[in-house]
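Novice: What follows is a single structure, and I will ask about it in a moment.
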Amino acid sequence: MTPARFEPPLVPVTAVAEEFERQWLSLADKQLESVRKMAENWRTGLAALLGLVSIFSVVKAPTATADMDTWAIWTTGGLLFTSALLAVLGADQAMRAAYGVPQRMVRAKFFQIGGTQGINLAQAEDARSALRVARIMTYVALAALAGSVAMTWWGPGSDSDQVRATTSQGLVVCGTLVESADGVIQVDSKTAGPQRVKLTQVVKLEAVSTCDE
């Protein structure tokens, strides 16, 4: 059996090192471009998310929260605000990653950082950090938006039964329906206090979500 022995590489070490160095320089040149392309995609996604939050806040939320309890309405609004704020901040970070931030460069720093390739690597690292922050903000913004949508679907409704009664004399009583018996209803109004009205005098009785209208 022939004993094992060291075989020199077919390619000289210097040639291998030179090839690795060439590949490294090529990779370094592409790092900044690659990260910024990814950041542009995230910026587009965050802009779409911000548009979705805006549409939901303006169109859907007012009607979806009309019959909800007060704390649920505030919670839904807070989640929507958080989602919109994080989308804006995340878009700002994505733009920083995609387009960079102008920096002052002096000759000494240029040589210290390693020339153009050193600058590209430093900018790529800064862009990568900003993109990481943008991604985290995107995930949290999506979670906040999902939470607000869930609140509109399964959030608790108001416990009070608000009614508005209009009598034949033109009197309008609005408040919480407390009692309805013997042809008389009692409505507790926040402004006028308890009001008892005969049903024979009521020409219109409707359930309302609030008496502030």
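Novice: Residue-wise, which Karplus ³J(HN,Hα) couplings in Hz belong to region 40-50, taking 6.51 cos²θ - 1.76 cosθ + 1.60, θ = phi - 60°, and x for glycine or proline?
Specialist: Per residue, the Karplus-derived 3J(HN,Hα) values read 4, 5, 5, 4, 5, x, 5, 5, 5, 5, 5 Hz.
Novice: Principal axis lengths of region 162-207 from Cα atoms, whole Å, largest first?
Specialist: That gives 23, 22, 17 Å along the principal axes, largest extent first.
Novice: Okay, next question. Which order do the peptides 86-95, 35-44 take when ranked by the mean count of other beta-carbon atoms within 10 Å per residue, highest first? The partial results should precede the final answer.
Specialist: On the way: 86-95: 21.9, 35-44: 17.4.
Going from most to least packed, we get 86-95, 35-44.
Novice: Pop a pseudo-label 7 angstrom from the Cα along the beta-carbon direction at both Y139 and K30 and give the gap in nm to one decimal.
Specialist: So the label points at Y139 and K30 sit 2.7 nm apart.
Novice: Subtract the Cα-Cα distance of T210 and Q112 from 0.36 nm times their separation in residues, and report this length gain in nm to one decimal.
Specialist: Details: separation 98, 0.36 × 98 = 35.28 nm, distance 6.82 nm.
Roughly 28.5 nm would be gained on extension.
Novice: Still on this structure: What is the extension gain from L177 to V101, computed as 0.36 nm multiplied by their sequence separation minus the C-alpha to C-alpha distance, in nm to one decimal? Display every interim value, and only then the final one.
Specialist: On the way: separation 76, 0.36 × 76 = 27.36 nm, distance 6.16 nm.
Working it through step by step, the gained length comes to 21.2 nm.
Novice: What does the extension gain come out to for F81 and A192, with contour length at 0.36 nm per residue minus their alpha carbon separation? Walk me through the numbers on the way to the answer.
Specialist: Working: separation 111, 0.36 × 111 = 39.96 nm, distance 3.59 nm.
So the chain would gain 36.4 nm between F81 and A192.
Rule-based calculations on the coordinates, nothing more; no lab input. It should be emphasised that the depicted structure is a prediction, and the values quoted were computed from it without experimental measurement. Cβ: placed from backbone, ideal geometry, glycine included. Neighbour counts: every protein chain shown.
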